[in-house]
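The values are calculated or read from the model by the stated rules, or taken from the named source; none is laboratory data. Since the model is a prediction, treat every value here as computed from it, not as a measurement. Neighbour counts run over all protein chains shown; Cβ positions are idealised from the backbone, glycine included. Just the protein is used for accessible areas: all its heavy atoms, side chains included, with ligands, DNA and RNA removed. Shrake-Rupley method; radii C 1.70, N 1.55, O 1.52, S 1.80 Å.
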Amino acid sequence: MNPATPAFDQSYFRSALSRFPTGVTVVVAQAADGSPIGMTISSFSSLSLEPPLVLWTLKLESASIAHMRQAEGYVIHVLSAAQQDLAYRFAKGSQQERFEGIPLKRSRSGLWMLDMPDCSAWFECRNHHQHDAGDHAIFIGAVHACAWTNAQPLIHHSRRFHHSPPVAEIIVER
């Protein structure tokens, strides 16, 4: 067997990957013309605590790839279980359709972000580094502001959305 040749097809690999539950996020940035752009992403992960870094990926063939490559920053919104409709909305359609009727505001540093306090968390990031790998671009964000709530996160598992079990309130000392 040639180790460079996978012993499975793309569909089988995708099914195997779908067994790993992930959170669901909406990434919002600003296009060159100043309009907001956004997309649903489930490939979000923590990367480093010092310095605070996160990562996420986007298909190279995505219509939003050029905008995300040039964006100075973006805000990653971790969706709550109550926001499943947003996950579907930001997964397809034109950017105008995605944002129609959606409340927006500017972050501390002037980035577009959803004005929705029921997100589980959000991370305001500087577009720190990008790396192409296979058919995706890996975006590394340097986090300079974040917030969280006790809202249950929305989970993606086996190609479906699920709600996470209730959690006790998290207490963090600063």
Please give the helices (runs of 4 or more DSSP H) falling wholly within the stretch 27-111 in which 1 or more residues are closer than 24 Å to Gln152 by Cβ and of a type in the set (Gly, Ala, Ser). 84-89
Give Lys105, Lys59 a once-over and let me know the one that is within 19 Å of Gln130 (Cα to Cα) and of a type in the set (Lys, Arg). Lys59
Is it the case that some residue within the stretch 98-107 is polar (S, T, N, Q), without any contact (Cβ under 8 Å) to a residue 40 or more places away in the chain, under 25 Å from Glu50 (Cα atoms) and surrounded by 13 or more Cβ atoms within 10 Å (Cβ to Cβ)? yes
Count of residues meeting criterion [touching a Gly at 6+ places or on another chain (Cβ under 8 Å) and open to solvent by 30 Å² or more (accessible area, probe 1.4 Å)] in the stretch 28-49: 2
Looking at the stretch 150-166, is at least one residue at pLDDT 95 or above, open to solvent by less than 50 Å² (accessible area, probe 1.4 Å) and aliphatic (A, V, I, L, M)? no
Which residue, of Asp115, Asp132, Asp85, is touching a Lys or Arg at 6+ places or on another chain (Cβ under 7 Å) and either acidic (Asp, Glu) or at negative phi (or both)? Asp115
Test: residue in the stretch 55-64 that is open to solvent by 30 Å² or more (accessible area, probe 1.4 Å), free of Cβ contacts under 8 Å to residues at least 24 places away in the same chain and of a type in the set (A, V, I, L, M, F, W, C): yes
Here the residues within the stretch 118-146 that are surrounded by fewer than 17 Cβ atoms within 10 Å (Cβ to Cβ), touching a strand residue (DSSP E or B) at 6+ places or on another chain (Cβ under 9 Å) and assigned to a loop (DSSP other than H, G, I, E, B) are Asp118, Asp135
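The rows are residues; the columns are (1) within 23 Å of Gly110 (Cβ to Cβ); (2) of a type outside the set (Val, Ile, Thr); (3) out of contact with any Leu (no Cβ under 9 Å at 6 or more places or on another chain).
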| residue | (1), (2), (3) |
| --- | --- |
| Thr40 | no, no, no |
| Leu47 | no, yes, no |
| Glu50 | no, yes, yes |
| Thr57 | no, no, yes |
| Leu60 | no, yes, yes |
| Glu72 | yes, yes, no |
| Gln83 | no, yes, no |
| Leu86 | yes, yes, no |
